[in-house]
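We did not get these values from a lab; they are worked out from the coordinates using the rules stated. None of the values given here were measured: they were computed from a predicted structure. Note: ideal-geometry Cβ built from the backbone for every residue, glycine included; neighbour counts use all protein chains shown.
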Amino acid sequence: MNFNLFDAEEQVIERAQALEARLTALAPEVGAELAELVDGFKRSYREQRRLVRVSDRLQGQLATANQEAERRRREAEDALERLREAQDVLVQQEKLASLGALVAGVAHEINTPVGIAVSCASHLSDATARLTAMVEKGELGRGDFNRYLATATDTTALILANCERAAQLINSFKQVAVDRASAERRGFDLRAYVQETLLSLQPNLKRGNHTVTVDCPPGLMVEGYPGALSQILTNLVMNSLTHGYGDGRAGRLRIAVTQPDPETVCLTYADDGAGIPPGNLPHVFEPFFTTRRGEGGSGLGLHIVHNLAVGPLKGSITVESPPGQGAAFALTFPRVAPG
């Protein structure tokens, strides 16, 4: 279109020059004025041509810039997708690491009652063998029999108590592990489930002589995802043990459950540890934020807590840390999870 426009202008200039030549012959004064007009038109025409060339060049540069911007946008989107995939993998690894630590702790804890039960059973077996030998030789006396009864009574009581302890640990861990792995929705007694989760964490708590108190209304039934709640409690406890009591002192942890209304549950978890510096509070739920970089901290523990709170539980979580008063997390979620 620009070339057609310029062709027309060139034809106008040619006709104007021809008219100028005729007027100059007939009326020199009019021809001179027309010549000035023609010169002005030529200058305007040249400027238009220059502006069109500049515009074409700028349009070409803009097209190139748009192509480069589109290429970089696609690269950024691809990089973001890869980053999200890597983050998902790391989050899953962190969850598995948490479950692995739970397995190791429970296995160590079970080893004690099982070892006592085995020792008692071995002692009872030896006592029974000695009693059998006495019976076969006809040397069994009343005193020997009474001593055997006392031994059998004591050892069987110890065996039963330690087997019950091991079974309790196994049952609590089995339920927590299944909930973590399956992400199954079901109804559960909140107080009992919190106690089960804490029981599976006893090896870690006992190692530092930490105590936990639970204040939860009995019979509070929740319909939702217990595995998510177990993961949240585990991460909060381990976060306290790692960051709140890094100096090795024994701590007091507290879990309190209230109901602002019949369909809402508020679970508050608090410790009396070192607390969180004010500058770190806005960032504690961000992925990969940690103050233990290079010391085993992944920065994903509280990020997972936040994701589980707003994801499966369809709730929210906040944190407070007044100076010198430890840290407190408030988890609020529906008693019956939507959907």
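Assorted remarks:
- Peptides 191-204, 240-253, 116-129 ordered by packing proxy, namely the average of other Cβ atoms within 10 Å per residue, highest first: 191-204, 240-253, 116-129.
- Positive minus negative residues near Pro338 (Lys, Arg vs Asp, Glu; Cβ under 14 Å): +1
- Simple rule: put +1 on each Lys or Arg Cβ and -1 on each Asp or Glu Cβ in region 185-339, find the dipole, and look at Asn209, Asn280, Pro322; the Cα lying farthest toward the positive end is Asn209.
- Phi-derived couplings, Karplus 6.51 cos²θ - 1.76 cosθ + 1.60 at θ = phi - 60°, listed residue by residue for region 232-247: 4, 4, 4, 5, 5, 5, 5, 5, 5, 5, 7, 9, x, 10, x, 7 Hz, with x used for Gly and Pro.
- Relative packing of 79-85, 222-228, 154-160, which averages over residues the other C-beta atoms within 10 Å, highest first: 222-228, 154-160, 79-85
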